[in-house]
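First comes the structure, then the notes that go with it.
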Amino acid sequence: MNQEELGKRFLGVLFAVLDLSRGSLSLESRLMGGDSPIDSFSLVEICVQLEDLASEAGFEFDWTSDNAMSQSRSIFHSVESLQTEFTRQFSESSE
Amino acid sequence: MIIVTGASRGLGRAIADRLISAGHAVVGIARNTEGLNFPTYSCDVADAEAIKSVARSLRSSGEEVTGLINAAGIASLNLALMSPAPQVDRVIRVNLMGTIHCTQSFTPLMVRHKYGRIINFSTIAVTLGLSGEAAYAASKAGVEAFSRSFAREVSAFGITVNCVAPGPIGTDLLRGVSQGQIDKIVDRQIIRKQFQPADVCDVVELLLDSRSKSLSGQVLHVGGA
């Protein structure tokens, strides 16, 4: 699986868990706090499914690090920040 | 598959043996797994990274995890003023942090199939405020508080989280406690009888049963308190 395909599959997980149409979620959409349309249960489910996707792609997705919940640089800030971290961990594992 | 921590001795061992006898697949976690005749991982529950590694291994095995029993625990029966700091630290790290590490790492394995039973261990000392058990009781009070909050966080996934709080049970934890002291504690239970590991296993089986789905965030006192 390459990075582009992984990125697509990442979005597929989000849309499947949230039961949203592709137009209703953008990269800027917040995942936590504020006007996020996502409840905490869905966020946990997304992370668990991303763990499975990561396993399929041959790496371990760590969503419980200090980084994950840091106020200033949380990976859960937006769809984009989570996707960036997910693909970063994939790239790091491929090096 | 049911994960049992502290599976090498005491209540953890009794629970693992009971569940295996009842036909459950059990994976035990303990620091010393020598001589155990069921699948085990040798590691310290206070070591978060080691526990994460066990969770990764279980996930890759593809086996469905339906239960987690956090039975690993140590006691420090000293007056608080005489308890060395490293000893207090170890009690908190094993009893409270160990429960939290295992719960954090193994719960995602239950979220996947929207079912799970998590059973944590507290003690009657939390309710009775027993002298000489301040650090131990503090660690277990933390376990109770963690369990109540966590129960809410995972209820949507069909996962229940409860605590079993035994009185003085005949295990290694009571080593050094006189029968007179044990009798005094037993006298303060609702049912004035010293219960045995088998009685605790009965309560664990009750909570593991799928019919216990309406019980979550509760503390069940063995013997009553």
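Values in this text are rule-based calculations from the coordinates and carry no lab data. The shown structure was predicted, so the numbers you read here are calculated from the model rather than taken from an experiment. Note that we place each Cβ from the backbone using ideal geometry, even for glycine, and neighbour counts take in every protein chain shown.
Pick from A:Ala54, A:Ala68, A:Ala16 the residue whose mean-square fluctuation is largest in a GNM of chain A, springs joining Cα atoms under 10 Å.
A:Ala16
What does the charge add up to near A:Asn67, with Lys and Arg as +1, Asp and Glu as -1, over the other residues with Cβ less than 9 Å from its Cβ?
Counting the neighbours of A:Asn67, the net charge comes to -2.
Among A:Asp52, B:Asp187, which comes first, then next, by fewest other beta-carbon atoms within 10 Å?
B:Asp187, A:Asp52
Can you give the FRET efficiency to the nearest 0.05 for B:Ile190 and A:Ser55, using r as the Cβ-Cβ distance and R₀ = 35 Å?
E(calc), rounded to 0.05, equals 0.15.
Measure nothing but the geometry: give the 0 to 90° angle between the long axis through the Cα atoms of B:134-154 and the longest principal axis through the Cα atoms of chain B, rounded to 10°.
Compared with the principal axis, the helix lies near 30 degrees.
For a distance above 37 Å, tell me the whole-number percent of Cα pairs in the protein assembly as shown that qualify.
So the pairs more than 37 Å apart make up 23 percent of the total in the protein assembly as shown.
Taking Cα centroids, how far is the stretch B:9-53 from the stretch B:138-211 in Å?
One Cα centre to the other: 18 Å.
Counting other beta carbons within 10 Å of each residue's own, what order do A:Met1, B:Met110, A:Met32 fall into, fewest first?
With the sparsest Cβ surroundings first, the list reads A:Met1, A:Met32, B:Met110.
From Cα pairs below 8 angstrom and at least 6 apart in sequence, can you work out the relative contact order of the stretch A:43-95, rounded to a whole percent?
28
Work through the residues other than B:Ser42 whose Cβ is under 12 Å from its Cβ and net out their charges, Lys, Arg +1 and Asp, Glu -1.
-2
Please say if the stretch B:77-225 is rounded, prolate or oblate, where rounded means a/c under 1.5 for a ≥ b ≥ c the square roots of the C-alpha gyration tensor eigenvalues, and otherwise the choice is prolate for a/b larger than b/c and oblate otherwise?
oblate
Going by amide H atoms built from the backbone, whose H comes under 5 Å of the H on B:Val26, apart from near neighbours?
B:Ile2
Give the total of Lys-Lys pairs in chain B with Cα-Cα distances below 26 Å; include a pair only if its members are 8 or more places apart or on different chains.
The number of close lysine pairs in chain B is 7.
From the helices alone, meaning DSSP H stretches of at least four residues, give me the mean residue ellipticity at 222 nm for the protein assembly as shown, per-run term -39500 (n - 2.57), in deg cm²/dmol to the nearest 500. Don't skip to the end; give the middle numbers.
Working: 12 runs with 148 residues, N = 320.
Per the formula, -14500 deg cm²/dmol.
If amide H atoms are built 1.01 Å from N in the plane of the peptide, which residues on other chains or at least 5 residues away come under 5 Å of the amide H of B:Leu220?
B:Cys163, B:Val164, B:Ala165
At a 10 Å Cβ-Cβ cut-off, how would you order A:Ser91, B:Ser42, B:Ser147, fewest neighbours first?
A:Ser91, B:Ser42, B:Ser147
Using each residue's phi in the stretch B:38-47, evaluate 6.51 cos²θ - 1.76 cosθ + 1.60 at θ = phi - 60° and report the 3J(HN,Hα) Karplus result to the nearest Hz, with x for Gly and Pro.
Here the 3J(HN,Hα) series is 9, x, 9, 10, 8, 6, 9, 5, 6, 9 Hz.
Picking from B:Ser60, A:Ile75, B:Ala135, whose Cα lies most toward the positive end of the charge dipole for the protein assembly as shown (charges on Cβ: Lys, Arg +1; Asp, Glu -1)?
B:Ala135
Count the net charge of all other residues whose Cβ sits under 11 Å from the Cβ of B:Ser8, scoring Lys and Arg as +1 and Asp and Glu as -1.
Residues close to B:Ser8 contribute a combined charge of +1.
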